[in-house]
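The values are calculated or read from the model by the stated rules, or taken from the named source; none is laboratory data. This one's a predicted model, so the numbers in the text were calculated from it and none came from an experiment. As a convention, Cβ positions derive from the backbone with ideal geometry for all residues, glycine included, and neighbour counts pool all protein chains shown. Surface areas here come from the heavy atoms of the whole protein model, side chains and all, with no ligands, DNA or RNA. Shrake-Rupley method; radii C 1.70, N 1.55, O 1.52, S 1.80 Å.
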Amino acid sequence: MHLAHTTEHATARLRQRGIPAELLDLLVEYGHERHDGHGARVLAFNKKARERMKRALGPKGYARWESRLN
């Protein structure tokens with residue numbers, strides 16, 4: 001996902017929080033999805049999502065992002 005596909009508000013919040021676009025891509029690719037009951041999708045790195053991500057990226061690739069997943 002490129003930041004061009006996010007709202008200006010979301011882009012500003014990502015910058016304010018220091019969240020790189022690549023991490024957002026990983027969240028969309030590997031994150032666990034649930035619905036909030038009001039029409040929105042909520043994505044999170046739960047245990048299973050982290051395991052999928054670790055298998056796909058390998059130990060070194062996963063280690064690069066691990067500290068930012070909380």
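Using +1 on the beta carbon of Lys and Arg, -1 on that of Asp and Glu, and nothing else charged, what's the dipole of the range 18-70 about the Cα centre, debye to 20? It would help to have the intermediate numbers written out before the result.
Working: 11 positive and 7 negative charges, 60 e Å.
The dipole of the range 18-70 has a size of about 280 debye.
Rolling a 1.4 Å sphere over the protein heavy atoms, what is the accessible area per residue of the chain, to the nearest Å²? Spell out each step's value before the answer.
Values: 5410 Å² over 70 residues.
Per residue, the chain has an accessible area of 77 Å².
Considering only 57, 43, 21, whose Cα is most displaced toward the positive end of the charge dipole of the chain, charges sitting on Cβ of Lys, Arg (+1) and Asp, Glu (-1)?
It is 57.
Any chance you could run the full-extension gain for residue 21 through residue 57? It's 0.36 nm times the residue separation minus the Cα-Cα distance, nm to one decimal. Write out the running numbers ahead of the final one.
Working: separation 36, 0.36 × 36 = 12.96 nm, distance 1.66 nm.
Length gained, residue 21 through residue 57: 11.3 nm.
Over the chain, what relative contact order in percent results from Cα pairs under 8 Å that are six or more residues apart? Walk me through the numbers on the way to the answer.
On the way: 49 pairs, mean separation 15.5, N = 70.
RCO, the chain: 22 percent.
First compute the accessible area of the chain with a 1.4 Å probe, then give the percent of it belonging to carbon and sulfur atoms. Mind dumping the intermediate values first?
On the way: 2760 of 5410 Å².
Using a 1.4 Å probe with all protein chains present, the chain comes out at 51 percent carbon and sulfur.
Kindly identify the chain as rounded, prolate or oblate by the Cα gyration tensor criterion: order the square roots of the eigenvalues as a ≥ b ≥ c, call it rounded if a/c is under 1.5, otherwise compare a/b with b/c, prolate if a/b is larger, else oblate.
Details: a/c = 2.16, a/b = 1.27, b/c = 1.70.
It comes out oblate by the Cα gyration axes.
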